[in-house]
Amino acid sequence: MELTPESLYLLGGAILFALGLHALVARRHLVIKVLALNVMGSGVFMVLLALAARGGAEPDPVPHALVLTGIVVAVSATAFALALILRVKAVTGRPYLPDHDGDGPA
Amino acid sequence: MFATGLEWAAWAVAVPLVGALLAGLLPRFGPGLGLGFGVLTALAVSGAVRAVWHHGPVRGGLGGWDVPLGIALSLDGLAALMLAMTAVVGLAVSIYALGYLRGAPMRGKFWALWLWLWAAMNALFLSGDVFNLYVTLELVGLAAVALTALSGGAAALTAAMRYLLVSLLGSLAYLMGVALLYGGYGVLDLAALGAAMEPDNVSRLAAALMTVGLLMKTALFPLHVWLPPAHASAPAPVSAVLSALVVKASFYLILRLWLDVFPALTVPGFELFMGGLGAGALLWGSVLALRAARLKQVVAYSTVAQLGYLFLVFPLMAVTPGAWQAVVFFALAHGCAKATVFLAAGSLQQAAGHDRLADLGPVMRAEPMSVFAFAIAGASLVGLPLTGGFIAKWLLVEAALVGEAWGWAGLVLLGGLLAGAYVFRVLGHAFGRGPASPDHRPVPGVMGWSTLALALVSVVLGFAGAASLELLTRHGGRP
């Protein structure tokens, strides 16, 4: 398979998505989890930009509009998540989720 | 007629949004604004429902911009029924919250967030393209998380944090699916996507990403672990809204996608897999509801169990194509009953100052109205006659029997027995010997009456099955 710039971006987007997912699950610090979600989001945006460039000379404007909207959503979600982390840290003293994950009486 | 269905639909989104902005700017007038805009929203929704009933489904772009460029709204029977459920539960919760939040410090923030959530859910039910659905999903998620965190304690904050991470992950998986769909077909409109759908691998990957993302938000077993702490530690009106409506919003989207967009993509074994997860939810959620030590935990695990029924839609639709209507009616009956149960539990918790099941008997004997409402709604959860739950389970069993799927019919009945066990485990404490609690805090009358009114909606639903199913036949609508 020939490696065009578009497929390079597609592949890069997929890799970013997977890396972010890994960090979200594996890392415990809440700020790192939120950063991981942002990396995943960048992966999705990169896939969208690669799709926009596919058509040849004129890039497709619709994915660009989607990415812009997506960035607005991501910024607000990140701001809210960071504010919530500060509250969790202030009340529990730790920027982590508690250990007793899973079902049953805590 | 004053307005078309599409105009009513636009009002059903705009009215609560304006209310949310005003309540955010003027937190002192929150209760009045919340109640006023709640009533106006319900009026707009009733206009939309009437329009669908008389004139059938409509779709179109907002502000004169047509579908490829503009924001498409789509109003059909399924959307109208979800709007109506949200309006009925929302009104009862708004009235209940007037009493529940009296003097509470979170009062100033509750109304803006709740109206925001209401606007976002209405927009989700009405959106006609996959990207707007992503935006509304995020709005619903952020508002729901903020409401969960409202009481500010350590349990509520950590539950909200976990909910937020799951919700954002689910949205991103969904968005990746949207990107792949746009890459494959070059359109975002639901109807256009459904018409063009080809069973290739990219479409299957997109469908899988979107479905898994939405399953996380719907808290289907085994992705349900975030739900019980979030729903059990939120303030009572919020628990009611989360359990009755918010999880249904993402389920609605799963149903909408698999009805209108993805039906060409099913692979052998998919229905059985989804039904198996539903069965797992039903059994595991019921077992944990039977073991939980606190009242609100019992109710939250009951939600995990009852969500399992919703996913019987996949195996049942494989044998009886019309079975999705039975499942939608089940969602409706569960929404009304579960909201009632959470409101009654909140009253008992406020009266007692705790919700430890073992010590709740005396307070339950002192609050007969809340216990009565709990019992009616509990009967609907179990599926006893004269309630919406009975009709819902009747329709589910009928769909299973018509398709000769005996196993699924048995599962529906077994789930009813398990629900009976955990509902009567709670109610049993009310009928113990001993005096009523002398030193409990009586709850404001508005809380008891609004809970009882919502409980009676469960009874009305027992007689409204035919009308709801008739509304659901007004499905689809092409651009």
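What to note about this one:
- Taking a sphere under 12 Å around the Cβ of A:A53 and counting the other residues whose Cβ falls inside, with K and R at +1 and D and E at -1, yields a net charge of -2.
- With the convex hull constructed from alpha-carbon coordinates only, region B:229-286 shows a mean projected area of 5.0 nm² over all directions.
- With Cα atoms, 0 to 90° folded angle of helix B:270-291 axis to chain B main axis: 10
- Acute angle (nearest 10 degrees) that the helix B:247-260 long axis makes with the longest principal axis of chain B, alpha-carbon atoms: 20
- Nearest-ten-degree value, helix B:323-352 long axis tilted from longest Cα axis of chain B: 30
- A straight line joining the Cα centroids of region B:1-51 and region B:276-298 runs 36 Å.
- For chain B, size of Cβ-based charge dipole, Lys and Arg +1, Asp and Glu -1, in debye: 1320
- Segment B:A195-B:F424, length gained on full extension (0.36 nm per residue, minus Cα span): 77.6 nm
- Per residue of chain B, the DSSP helices (runs of n ≥ 4 H) give a summed -39500 (n - 2.57) that works out to -24500 deg cm²/dmol at 222 nm.
- A Cβ-based charge dipole, computed about the Cα centre of the protein assembly as shown with Lys and Arg at +1 and Asp and Glu at -1, lands at about 1920 debye.
- Selected from A:F17, A:F45, A:F80 as most flexible by GNM, with chain A as the system and alpha-carbon contacts under 10 Å: A:F80
- Simple spin-label estimate for A:K89 and B:A264 gives 5.1 nm between the two label positions (7 Å along the Cα-to-Cβ direction from each Cα).
- Estimated at 0.36 nm per residue, the fully extended path between B:V39 and B:L205 surpasses their Cα-Cα distance by 55.5 nm.
- Relative to the Cα centre, the charge distribution of region B:292-376, modelled as +1 at Lys and Arg Cβ and -1 at Asp and Glu Cβ, gives a dipole magnitude of about 60 debye.
- When region B:268-479 is described by a simple charge dipole with +1 on each Lys and Arg Cβ and -1 on each Asp and Glu Cβ, the residue from B:H354, B:M447, B:A421 located farthest towards its positive end is B:H354.
- Considering only B:V49, B:G434, B:P31, and ranking their Cα positions along the charge dipole of chain B that arises from unit charges at the beta-carbon of Lys, Arg, Asp and Glu, the one farthest toward the positive end is B:G434.
- Per-bin percent of Cα-Cα distances, chain B [10 Å]: 4, 21, 33, 27, 11, 2, 0
- Separation of region B:72-121 and region A:20-49, taken as the distance between their Cα centroids, equals 32 angstrom.
A short reminder: the numbers here are calculations on the coordinates, not readings from a lab. Here the structure is a predicted model, which means the values were calculated and not measured. A quick note on method: Cβ atoms are made from the backbone with ideal geometry, for glycine too, and the neighbour counts reach across all protein chains shown.
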